[in-house]
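Read-outs: derived from the displayed coordinates by stated rules, not from any lab. Quick caveat, the model's predicted, so the values are computed rather than measured. Because the Cβ atoms are built from the backbone with ideal geometry, glycine has one as well, and the counts that use them run over all protein chains shown.
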Amino acid sequence: MNNAKKVLLFTILASLSLSVFSLLPNIKTRDYTIKKIDLFSDIKKDTEKSATSQPSAIVPIDKQEEKKFDTYSVPGQIINFSAKTTQPALAGFIKKLVKVKKERKGKVRIAFFGDSMIEADLITQDLRSTLQQTFGGSGVGFVPVNDISASLRITVNSKSSNDWIKRNYKSENTDGLFISGNVFSSATGSWLSVKDNTAKDAVEISLLYGKGSGDIMLDNNIIQIPKGDEFNIKKLKIANSVEVKIQTPGMRVFGTSFESSSGVIVDNFSFRGISGVEINKLNDDLLAQINIKRPYDLIILEYGVNVLFRPNDTNFDWYCKKMVPSLTKIKKAFPEADILMISTGDRAFRKGDKWESGIGVPNLVKAQALMAFENHVSFFNLYETMGGKNSIVDWANSNPPLANKDYVHPNHSGAKKVAAFLSDAIMHEANKIDSNK
């Protein structure tokens, strides 16, 4: 046997021996531990690295499916990634809207989740007004016990005592949070006062609260609040303002709701500085109770600007992996609701002596569209609808301006414009029902 054959034979025998040893567990003696050999560890690491580097959502290979996905870049339209463009996106919600308008009875409820883009009822106040004028309804919907932007909100006058104990998404203990991301615990004598500035006529005012029971004072009368589930509703009065004083310490209160007996109700669930992944912290039982007692027909998710906190980021796989569980939780909790994911708007950063869109904005928009596509929810491309690259700069520098000089947030005029984008898109879908008759 020549030397080459000897080397080859030795290599084969050595590899087989190491393979056998790799199957053995760690061997422990009194003085030593002989660790198992993993002959393929480097290969496994490379494979695992390759797997984790893949996007959390991948465009399907099938050409027809890829063609459907590419519609995500169309501005001004609600995209349901279906080839049947004659059928309305958000079909269940749209059909209910049309029915409520025709019959003038029943409710259509919208939950609008978002970050500081919708703070102080921005965007939602104009969307609510347009939809209620078109399809019926009155009332501002949900109002939290207190809020960081309460003094800036023009749709309600809201005040409360400073002795409420507040927990939220940022707290160590997130038990019992409402879908607003907050829960408030009372002290003896804690109070809140709310006036709905949008309701022309009296509407039904309710107290939304969590576990526990107690007494409240309403119009100088003591009312008992019965013990209930994770989420409960106590109807208080028919009016457009209310003052409530809590007589029992430790009551979990979420806020109040102002809504007409029929028509469109739009709840604003803004929370500054979040990206939407926090939704996964919400209690499943509480969500189930909301779906039973105060169900939604449309859930809108508006996030993204807080994901774009570094100007040169272009890879958002990490965000997809964290956001999909929140999206899954919402879908599971509200199985009858249509869901609309709104992309991030434009966001600019200083570059030298000027401001320019972050280079990763289109990447994030596409990542959000992929999440919507793969999870079978509808999508609205706010970035392209605003005008695409550097649109936030144009908005901020226009006369009159449509955005603040932080080059992130639309101002009141800009928010009104965004609301018009959405209401026009909804009306476009509603008109499909009439045209299909």
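For the peptides 243-252, 328-337, what is the packing order when you average, over each peptide's residues, the other Cβ atoms within 10 Å and list the highest mean first? Present the calculation step by step, with values, prior to reporting the outcome.
Values: 243-252: 18.6, 328-337: 16.4.
In descending order of packing, they fall as 243-252, 328-337.
Expressed as a fraction of 2.2 N^0.38 Å, the rule-of-thumb size for a compact globular protein of N residues, what is the C-alpha radius of gyration of region 75-135?
Numbers: Rg = 13.7 Å, N = 61, 2.2 N^0.38 = 10.5 Å.
Dividing the Cα Rg of region 75-135 by 2.2 N^0.38 Å gives 1.31.
Sorting the Cα pairs of region 321-427 by distance into bins of 10 Å, from 0 upward, gives 14, 39, 32, 13, 2, 0 percent per bin.
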